[in-house]
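Take a look at the structure below.
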Amino acid sequence: MPLPSLSSFFLGFVAGCLTILLLLAIAAVSLTRSGDIYGLGHWKLNIRTPFPSMWMNLGYWTRDDGTAIQHFDEAARNMLRQLLQAAGILSDSSSASSSPSVAVLDVGFGCGDQTVALAEIINASRRPQFRYVGLTLNATQLQEAQQRLDAALSHSTQDPPSSSSSSSTTSLNLPKASAFQLYQADAAQPTSWPPAVLSSVTSLADASFSERWLMGLDCLYHFSPSRKPIFTLAARTLHANVMAFDLILSDSASFWQTLAVRILGFVLLCPWRTFLTEREYREQLVECGYDREQVEIRDVSDHVFGGLASHLRKQDAVLRPYGISLTAYALVGRVYEWFDRTRVLKGVVVVGRVSHCGLS
Ligand SMILES: *[C@@H]1O[C@H](CO)[C@@H](O)[C@H](O)[C@H]1NC(C)=O
Ligand SMILES: *[C@@H]1O[C@H](CO)[C@@H](O)[C@H](O)[C@H]1NC(C)=O
């Protein structure tokens, strides 16, 4: 078998160079011919990073005064506020003396907005004690969240009550950095946690935190094999209450609707039986250690699916002139329209309490 000769190697090298030159020429021609130079393509050069927010949840699209919310970040933050309100952490707000110490285990915390907003909304810095442990599956999200949190913390500490306080930024007033601990770990499988994560999470059981909470904001249906391990750990090891936004299967869903929802969940990498009916959900909480009498499940679908679906439509239309396509999100929007019409799945705010938790 003859080895490739030197000249054929040289020919290949020249061919490679020519290909690259050709590609560059095509790119230059397409940029000028497509009119992109005088079009909108330069949006890419104009966006500032980091982005002002990187929220991700379905959003709660109605304000307290009943008006509709138009922006994703506001709706997503409002969803967090709804959870905190349902949990009762927002009451007794004004008098600092009566506001209890709070510990939160936030599973699936996202990219940092949720962490910062939670501390802001509950006035964490004015509580006698505040501790937050967040778990995420994704290393990139962890990095983004840590950066976002660090930026907020440094902005918060250099926040003099000067005359320049008219800047558009809000006064953050966050607690010190050591109050927050973010980790990459699978919250659905506590037995897989490295010792550092486990000890950080179990430190939340400290009795000096009169309010201890597990928070799952729009993520628990992804938990595999199920929600049970984290519910059990929260109830029995941390003696923590639970607040969550979750999706629940309608009692009146037909066989085919249920099948469609299960297949949808499967495609989104959720466990096959992840969507439970309200009764099944309640039973699961009780089985894991929560007090049957104190489980609240509130249907908030009216404020979730329609708002999100119309936001996705609008966003798609607004971004299209720039050549940005929502692709998968636009399809997901159709699914939420279907949920909104049929209520096969309901969006719910869940609050569960352990029976002998100090203050409840
Ligand atoms: C946080 O502090 C502000 C200003 O003192 C107050 O108006 C608000 O009610 C407080 N909220 C909570 C949840 O403590
Ligand atoms: C984490 O997110 C990044 C960015 O979306 C993605 O590229 C990466 O595959 C994700 N990693 C895991 C383990 O899911």
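Coordinate-derived values only; no laboratory data. Computed from a predicted model, the values in this text were never measured in an experiment. For neighbour counting, all protein chains shown are included, and Cβ atoms are generated from backbone atoms with ideal geometry for every residue, glycine included.
Here are a few things to note about the model shown:
- Span-like helix criteria (full DSSP H runs; alpha carbon extent of at least 20 Å along the helix axis; mean Kyte-Doolittle hydropathy of at least -0.5) are satisfied in the chain by 6-33, 72-87, 305-319, 328-342.
- Net charge dipole size for the stretch 168-267 [Lys, Arg +1 and Asp, Glu -1 on Cβ; Debye, nearest 20]: 140 debye
- Reported value for the stretch 62-154: 111 Å³ per residue, from the convex hull of its C-alpha atoms.
- Cβ-based net charge around L285, under 15 Å, with every Lys or Arg adding one and every Asp or Glu removing one: 0
- Ordered from longest to shortest, the equivalent ellipsoid semi-axes for the stretch 7-90 are 53, 19, 9 Å, each the square root of 5 times a Cα gyration tensor eigenvalue.
- Neighbourhood net charge (12 Å Cβ-Cβ; Lys/Arg +1, Asp/Glu -1) for R320: +1
- Extreme residue, positive dipole direction of the chain, given options H239, H222, I122 (C-beta unit charges): H222
- Ellipticity at 222 nm from helices only: DSSP H runs of n ≥ 4 in the chain, each -39500 (n - 2.57), divided by the residue count, give -12500 deg cm²/dmol.
- In units of the compact-protein estimate 2.2 N^0.38 Å, the chain shows a Cα radius of gyration of 1.20.
- Using the Cβ of A145 as centre and a radius below 14 Å, the other residues enclosed give a net charge of -3, where K and R count +1 and D and E count -1.
- Under 28 Å from the Cα of K44 - lysines, other chains or at least 8 residues apart: K314
- Amide proton proximity set for T62, modelled H, under 5 Å, gap of 5+: I69
- Dipole of the chain [Lys/Arg +1, Asp/Glu -1 at C-beta], most positive-end residue of L153, L308, G289: L308
- Antiparallel bridges, percent of DSSP beta bridges restricted to the chain (to nearest 5): 35 percent
- The chain - charge dipole about Cα centre, Lys and Arg +1 at Cβ, Asp and Glu -1, debye rounded to 20: 500 debye
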